[in-house]
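The values are calculated or read from the model by the stated rules, or taken from the named source; none is laboratory data. This is a predicted model, so every value here is computed, not measured. Note that we place each Cβ from the backbone using ideal geometry, even for glycine, and neighbour counts take in every protein chain shown.
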Amino acid sequence: QQERTISEAFAQTMTGATLVDMMSLALLIGSGGVLSHAPRRVQSAMMMLDAFQPEGITMLTVDSIFMMPHLGVLSNVHEEAATEVFDRDCLIRLGSAIAPKGTSKEGKPCMNLTVILPDGRKIEREVKFGEFFKIPLGVGEKAKVVIEPDKNFDVGAGKGKRLEGEVEGGVVGVIVDCRGRPLLIPEDPEERVEKLSSWIESLEVYPIEAYNKLVSSK
């Protein structure tokens, strides 16, 4: 086979099914120089969401300083030490992503979301298709979620079926990604720039002041 990018490998089909069932993945680990050394952790999260397009509820993590290959070698000698370093020093928890599978028209209902935070506060909102935002939830914090997707969307229990579960926070927080699966990017250059810019702003991928200064200078 010819060489493929990581995202293409995840999307490769065989007898009509993807090689990796993204809905079944509970944990996604990003490793490599670009992801490990991104200036802001939210940039790593954005790259993973766009490249892998996880579905349902997925915990996003990243290799802190690209040490996983070395820990793999260490595990052959001292498995317990490698496991401890992996969990304590290697794995950076970015936060859970909630990403319904399906597509619709921009602004149409996608799902009703209820998040019960650790302090008892409740967030309830109807999320429209195309919305992309994050909910603050720190490392080690967990929240209960109730997701009621529209009939055209699936978050893990089947199309239109309610799902109750738990999400874990991280350095980025909980990311709600209702941009659709598969992720479609406008072909028109101007529309594409506008759409990508809105995603960058929604997740605060770059420092606000620096980003606004860059945009205003064009």
Is there any pair linking a residue in region 201-218 that is in the same structural domain as Gly130 (by TED's automatic domain parsing) and under 17 Å from Met46 (Cβ atoms) to one that is surrounded by 12 or more Cβ atoms within 10 Å (Cβ to Cβ) and at pLDDT 80 or above, with Cβ under 8 Å and at least six apart or on different chains, and which? none
Out of the residues in region 64-80 that are loosely packed, with under 15 Cβ neighbours inside 10 Å and part of a loop (DSSP other than H, G, I, E, B), which is modelled with the lowest pLDDT? Ile65
Reported set for region 95-125 where residues are under 21 Å from Asn152 (Cα atoms) and touching a Leu at 6+ places or on another chain (Cβ under 8 Å) is Ala97, Ile98, Ala99, Thr103, Glu124, Arg125
Identify the single condition in (1) farther than 17 Å from Pro109 by Cβ; (2) small (Gly, Ala, Ser); (3) in the same structural domain as Gly56 (by TED's automatic domain parsing) that Gly160 does not satisfy, given that it satisfies every other one. (1)
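Matching residues to (1) surrounded by fewer than 16 Cβ atoms within 10 Å (Cβ to Cβ); (2) in contact with a His (Cβ under 6 Å, 6 or more places away or on another chain); (3) of a type in the set (Lys, Arg):
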position: Thr114; (1), (2), (3): yes, no, no
position: Glu124; (1), (2), (3): yes, no, no
position: Gly130; (1), (2), (3): no, no, no
position: Pro136; (1), (2), (3): yes, no, no
position: Val155; (1), (2), (3): no, no, no
position: Lys161; (1), (2), (3): yes, no, yes
position: Glu166; (1), (2), (3): yes, no, no
position: Gly169; (1), (2), (3): no, no, no
Being over 20 Å from Met22 (Cα atoms) and not hydrophobic (A, V, I, L, M, F, W, C): is that true of Lys161 here? no
Going by the structure shown, is Thr83 surrounded by fewer than 17 Cβ atoms within 10 Å (Cβ to Cβ), at pLDDT below 95 and assigned by TED's automatic domain parsing to the domain that holds Ser44? yes
Based on this model, can you work out whether Gly173 counts as within 22 Å of Lys108 (Cβ to Cβ) and surrounded by 14 or more Cβ atoms within 10 Å (Cβ to Cβ)? no
Evaluate the following for Met47: is it in contact with a Leu (Cβ under 7 Å, 6 or more places away or on another chain), part of a helix (DSSP H, G or I), in the same structural domain as Gly180 (by TED's automatic domain parsing) and of a type in the set (A, V, I, L, M)? yes
Restricting region 86-97 to residues that are in contact (Cβ under 8 Å) with a residue 24 or more places away in the chain and surrounded by 15 or more Cβ atoms within 10 Å (Cβ to Cβ), the residue that is nearest to Phe132 (Cα to Cα): Ala97
Give region 55-76 a look and list any residue that's without any contact (Cβ under 8 Å) to a residue 40 or more places away in the chain and touching a strand residue (DSSP E or B) at 6+ places or on another chain (Cβ under 6 Å), or say none. Val62, Ser64
Close pairs from region 98-110: first outside any loop (DSSP other than H, G, I, E, B), partner among the polar types (S, T, N, Q), Cβ under 8 Å, at least 6 apart: Ala99/Gln53; Ala99/Thr58; Gly102/Asn152; Cys110/Ser104
Answer yes or no: is there a residue in region 112-120 that is touching a residue at least 12 places away in the same chain (Cβ under 8 Å) and either within 14 Å of Asp177 (Cβ to Cβ) or outside the structural domain of Ala45 (by TED's automatic domain parsing) (or both). yes
